[in-house]
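Report on one structure; see the data block that follows.
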Amino acid sequence: MTLRTREVGWNRGGRLVVDGVTLEPRAGETVGLLGPNGSGKSSLIKLLSGTARPTSGAVTLDDASLAALSRKDAARAIATVTQHADTVVDITVRDIVALGRIPHRGTFGGDRQADTRAVSEALARTGLSDKADELWHRLSGGERQRVHIARALAQEPRELLLDEPTNHLDIRYQLELLQLVADLPLTTVVALHDLNLAAMFCDSVLVLKEGRAVAGGAPADVLTPELIAEVYEVNATVRTNPGTGRPEIGFTPGRVPSTAAR
Ligand SMILES: Nc1ncnc2c1ncn2[C@@H]1O[C@H](COP(=O)(O)OP(=O)(O)OP(=O)(O)O)[C@@H](O)[C@H]1O
């Protein structure tokens, strides 16, 4: 059992930006959320994280409505890294990562040793142990992105929601970060623009178009040239990468109108 949506919809500013989406990840799997700009990926992540309430359908955690959980209980189970996460200046990396421990604090503080251990582990997993005492505003964009991931890991959640976590990362860190995410024993939903990264690291993908789920399943089954043409209106070729056994997508210039527009 895990975090799920059933026929979930969100009317945002008078428009249905998420329209009847069902997402049922298996425990521990990494699900890629794909789709063009404005297709509803971030909106669906907001619904899954509980920061927004659906106007129809349900978001559930272990079959109970997410809306019925306290903020603290939800925060113990679900960690989110959003696209525009930013933080005040003059604070160290370690202090930011320690913010992930807040949901674990009780009225009389919490387990200090567990906090220290969780923060150290999160820093090590994201390759930031050497940067722990540096100031946030001195970090590069990519390092900041990793600090946000470390904060989410320090939270020790069961469910991890990531909105474009590879933004600002160079190719080495893109690969390392998604490998790290794929190896975590957490159920992860990750919004991605890069179809090759999704194909390489996700157990399954859900493709959104105009708020609706148009395809879902294993990357090799879903990421076909036809689907990519239909959803992104581009020419793609797909082959199997001999090294990974995963689909590898190439593109040729020129736009393909979707069948809906033809
Ligand atoms: N604050 C808002 N109020 C009303 N509508 C919004 C708001 N933010 C986004 N939208 C609309 O919701 C729709 C879905 O946006 P969303 O950000 O979820 O898509 P996305 O797939 O994450 O896009 P991108 O890939 O560009 O990040 C878009 O049409 C967008 O214009």
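Could you list, in sequence order, the residues of the stretch 190-201 that are within 16 Å of the ligand (Cβ to nearest atom) and crowded, with 21+ Cβ neighbours inside 10 Å?
Initially, the stretch 190-201 is screened for residues within 16 Å of the ligand (Cβ to nearest atom), giving 190-195, 197-198.
Scanning the stretch 190-201 gives V190, A191, L192, L195, A198.
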Practice problem: Identify all residues within the stretch 145-172 that are more than 15 Å from N196 (Cα to Cα), assigned to a helix (DSSP H, G or I) and away from the ligand (no atom under 16 Å from the Cβ); write none if there are none. | Solution: R146, V147, H148, I149, A150, R151, A152, L153, A154
Self-check item: Matching residues in the stretch 3-54 - criterion: being outside any strand (DSSP E or B), more than 8 Å from the ligand (Cβ to nearest atom), of a type in the set (S, T, Y) and buried (at least 21 other Cβ atoms within 10 Å of the Cβ)
Solution: S49
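Tell me yes or no: at least one residue of the stretch 223-230 is closer than 29 Å to A74 by Cα and either in contact with a Lys or Arg (Cβ under 7 Å, 6 or more places away or on another chain) or among the small types (G, A, S) (or both). Full working, then the answer.
Just the residues of the stretch 223-230 that are closer than 29 Å to A74 by Cα, to begin with: none.
Looking for residues that are closer than 29 Å to A74 by Cα and either in contact with a Lys or Arg (Cβ under 7 Å, 6 or more places away or on another chain) or among the small types (G, A, S) (or both), one finds none in the stretch 223-230, hence no.
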Quiz item: Yes or no: I149 surrounded by fewer than 17 Cβ atoms within 10 Å (Cβ to Cβ) and either more than 21 Å from V205 (Cα to Cα) or aliphatic (A, V, I, L, M) (or both)?
Solution: no
Practice problem: Looking only at the stretch 80-96, count how many residues are more than 10 Å from L135 (Cα to Cα) and either hydroxyl-bearing (S, T, Y) or modelled with pLDDT of 95 or more (or both). | Solution: 3
Self-check item: Restricting the stretch 128-145 to residues that are of a type outside the set (S, T, Y) and modelled with pLDDT of 90 or more, the residue that is nearest to R172 (Cα to Cα)
Solution: L128
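Would you call L178 part of a helix (DSSP H, G or I), of a type in the set (A, V, I, L, M, F, W, C) and within 30 Å of D62 (Cα to Cα)? Spell out the reasoning first.
On the way: part of a helix (DSSP H, G or I): yes; of a type in the set (A, V, I, L, M, F, W, C): yes; within 30 Å of D62 (Cα to Cα): yes.
The answer is yes for L178.
Is at least one residue of the stretch 75-83 within 16 Å of the ligand (Cβ to nearest atom), buried (at least 20 other Cβ atoms within 10 Å of the Cβ), part of a strand (DSSP E or B) and not basic (K, R)? Before the answer, list the steps.
Filtering the stretch 75-83 for residues within 16 Å of the ligand (Cβ to nearest atom) gives 80-83.
Checking the rest, the ones that are also buried (at least 20 other Cβ atoms within 10 Å of the Cβ) come to 80-81.
Then keep just the ones that are part of a strand (DSSP E or B); that gives 80-81.
Now narrow it down to the ones that are not basic (K, R): 80-81.
Yes, the stretch 75-83 contains at least one residue that is within 16 Å of the ligand (Cβ to nearest atom), buried (at least 20 other Cβ atoms within 10 Å of the Cβ), part of a strand (DSSP E or B) and not basic (K, R).
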Practice problem: For the stretch 215-257, enumerate the residues that are within 16 Å of the ligand (Cβ to nearest atom) and touching a helix residue (DSSP H, G or I) at 6+ places or on another chain (Cβ under 6 Å). | Solution: A215
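Can you name every residue in the stretch 194-231 that is in a helix (DSSP H, G or I), aliphatic (A, V, I, L, M) and in contact (Cβ under 8 Å) with a residue 24 or more places away in the chain? Before you say what the answer is, go through the steps one by one.
Taking the stretch 194-231 and keeping what is in a helix (DSSP H, G or I), we get 195-201, 219-222, 225-231.
After this cut, where a residue has to be aliphatic (A, V, I, L, M) as well, the list is 195, 197-200, 220, 222, 227-229, 231.
Correct list: L195, L197, A198, A199, M200, A220, I228, A229, V231.
Can you find a residue in the stretch 44-55 that is under 23 Å from L99 (Cα atoms), under 13 Å from the mean Cα position of the chain (by Cα) and among the hydroxyl-bearing types (S, T, Y)? Give the steps one after another, and end with the answer.
Applying the first criterion (under 23 Å from L99 (Cα atoms)) to the stretch 44-55 yields 45-52.
Pick out the ones that are also under 13 Å from the mean Cα position of the chain (by Cα) and you get 45-49.
This time we only want the ones that are among the hydroxyl-bearing types (S, T, Y), so: 49.
Taking every residue of the stretch 44-55 in turn, at least one turns out to be under 23 Å from L99 (Cα atoms), under 13 Å from the mean Cα position of the chain (by Cα) and among the hydroxyl-bearing types (S, T, Y).
Within the stretch 233-257, track down each residue that is among the charged types (D, E, K, R) and more than 16 Å from L195 (Cα to Cα).
At the first step, the residues of the stretch 233-257 found to be among the charged types (D, E, K, R) are 233, 239, 246, 248, 255.
Answer for the stretch 233-257, where residues must be among the charged types (D, E, K, R) and more than 16 Å from L195 (Cα to Cα): just R255.
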Quiz item: How many of the residues in the stretch 159-180 are buried (at least 19 other Cβ atoms within 10 Å of the Cβ) and within 19 Å of L44 (Cα to Cα)?
Solution: 8
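The values are calculated or read from the model by the stated rules, or taken from the named source; none is laboratory data. Just so you know, these numbers come straight off a predicted model, no measurement behind them. With ideal geometry, Cβ positions are generated from the backbone for all residues, glycine too; neighbour counts draw on all protein chains shown.
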